[in-house]
Amino acid sequence: MKTAPNPTPALTASSAAAGWQGPGARGARRRFTWNRVLWALVFPQRGQRILPTLSGTLLIALSLGIGMAAYNSANNILFITLSLLLSCLILSGVLSWLNFRGVAWRLELAPPLRAGHEAVVGLGLRNRKAFLPTYGLWFELLARHVEDGPPPPPESTITGKGIDLRVEWAKAEQGETRGRLFLRERLDPRGETRLDWLFKPRRRGRLRVELSGIGSQFPFGFLKKLLTTELRAELMVWPAPVTYRRLKEAGARRTAGGERTSRTGSGGDLLALRRYAEADSHRLIHWKASARSRQLLVRQFAAESTEGFSLWLRTDAAGWPHPDQFELLVSFCATLAEDLFRAGQLIAAAIDDEPPVPIRRVNDLETLLDRLALVEPRKEAGPGGAVAVAEPTKAKRNVLTFAPDGARGVAAYVDGEKTATA
């Protein structure tokens, strides 16, 4: 049994998905004036909601009862109690507004993502306030798969025909993954922190991660303040690596004189010139080029490849009628591509009738995996109407193709010989 290894560090790059957003982001702050502060308290900005909690609703009901009793009895103690209760509500709203002020957030993603494997989404937080810390925030995160093609036309429940709301809601929730992160410790002034959300992408394809909302019940829990954001990022989810069994070693044929690749090696073809390093041999110095450029340059030769394979993936729907078997095909192809690339044996790859694309660098492999993440069964059949097992051109050798192996499995063939199964 052979198991696909985890991605090497060379295939994983950490990158920030978006810039800082929020009240504390640069460019979002405006000149402070009391007129703007009072207007913001009376008319909050779009996307902000303030809702009473259960304790806040009881406090409002109690305030109404005490207010009616105070006006009917003209009792000063009841008026003082009413003013204290209303002051608590007003103070809760002001402190909640100050708690959000000066806070900025951003998404920090680390591609690539694998279907069925745990992924990490980082949420960076920054408090730009000079004196006040921030407490008690929670963040609503949403991950959903983005379907290719135009969206369906909108239909309402009145004009739409044959619409089952429960079925549509179930379909929408099936492709979504929701999570909530809590800021359990205070965020000091001028401080930064990071919260991590762990989730598993359910399938390959294009994934959109969104920060759908931010909420807080600070300070007394009487009011719940909610903010909606437009912070989102899209990234690719690669096919999941699968376990496969190699039946025999594929005998890659070597052509006369060998094949030349554009990797650095000790072959006879000159690949490029580069600057001299301490570990380089003096025999590799190109004296004429060094004299022209007035700096030592050494020669890099192309490596001579004795083995190499080309992948050819056929996605005809007639040959792959079962969706689970097609997903296994894509994962099997991606796993073999990575294994052959690490072994230095992957030359090119082709999908359907497209011309083969050379795979020389890590970027070429990542581009292939991105294409495999989005590939779908072709409705129209290719030449011959079935999945081919032989190589696309008889003159070419060492072509790795795929075909169904029973009702659920997938087999890999090299020049028509079965070499591996998954």
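The values are calculated or read from the model by the stated rules, or taken from the named source; none is laboratory data. No experiment lies behind these values; they were computed from the predicted model shown. Note that we place each Cβ from the backbone using ideal geometry, even for glycine, and neighbour counts take in every protein chain shown.
Taking the stated definitions as given, is ASP324 assigned to a loop (DSSP other than H, G, I, E, B) and either over 26 Å from PRO404 (Cα atoms) or at pLDDT 85 or above (or both)? Considered against the rule, which asks whether it is assigned to a loop (DSSP other than H, G, I, E, B) and either over 26 Å from PRO404 (Cα atoms) or at pLDDT 85 or above (or both), ASP324 comes out as no.
Looking only at the stretch 406-422, residues that are surrounded by fewer than 16 Cβ atoms within 10 Å (Cβ to Cβ) and either charged (D, E, K, R) or without any contact (Cβ under 8 Å) to a residue 24 or more places away in the chain (or both) come to 4 in all. Total residues in the stretch 139-155 satisfying the condition of being surrounded by fewer than 16 Cβ atoms within 10 Å (Cβ to Cβ) and at pLDDT 90 or above: the figure is 1.
Just one of the listed residues (GLU210, GLU176, GLU185, GLU192) is out of contact with any Gly (no Cβ under 6 Å at 6 or more places or on another chain), charged (D, E, K, R) and crowded, with 17+ Cβ neighbours inside 10 Å, and it is GLU210. When restricted to residues that are in a helix (DSSP H, G or I), without any contact (Cβ under 8 Å) to a residue 60 or more places away in the chain and either in contact with a Cys (Cβ under 9 Å, 6 or more places away or on another chain) or surrounded by fewer than 14 Cβ atoms within 10 Å (Cβ to Cβ) (or both), the stretch 345-366 contains 1. With respect to the conditions (1) of a type in the set (Lys, Arg); (2) at pLDDT 65 or above; (3) surrounded by fewer than 16 Cβ atoms within 10 Å (Cβ to Cβ); (4) out of contact with any strand residue (DSSP E or B) (no Cβ under 6 Å at 6 or more places or on another chain), ARG245 falls short on a single one, namely (4). The set of residues in the stretch 43-77 being in contact (Cβ under 8 Å) with a residue 12 or more places away in the chain and either within 15 Å of CYS88 (Cβ to Cβ) or out of contact with any Leu (no Cβ under 8 Å at 6 or more places or on another chain) (or both) consists of ILE50, PRO52, THR53, SER55, GLY56, LEU59, ILE60, LEU62, SER63, ILE66, GLY67.
Does at least one position in the stretch 332-344 carry a residue that is at pLDDT below 90 and assigned to a loop (DSSP other than H, G, I, E, B)? Looking for residues that are at pLDDT below 90 and assigned to a loop (DSSP other than H, G, I, E, B), one finds at least one in the stretch 332-344, hence yes.
Considering only residues of the stretch 189-235 that are of a type in the set (D, E, K, R) and under 16 Å from PRO23 (Cα atoms), which is nearest to the chain's Cα centre (by Cα)? Taking the candidates together, the pick is GLU230. Scan the stretch 191-211 and report the pairs whose first residue is farther than 9 Å from ALA115 by Cα and not assigned by TED's automatic domain parsing to the domain that holds THR367 and whose second residue is among the polar types (S, T, N, Q) and in a strand (DSSP E or B), with Cβ atoms within less than 6 Å and a gap of 6+ or a chain change. Matching pairs, first to second residue: GLY191/ASN127; PHE199/THR177.
The residue that is farthest from CYS333 (Cα to Cα), among those in the stretch 252-309 that are at pLDDT below 80 and of a type in the set (Val, Ile, Thr), is THR264.
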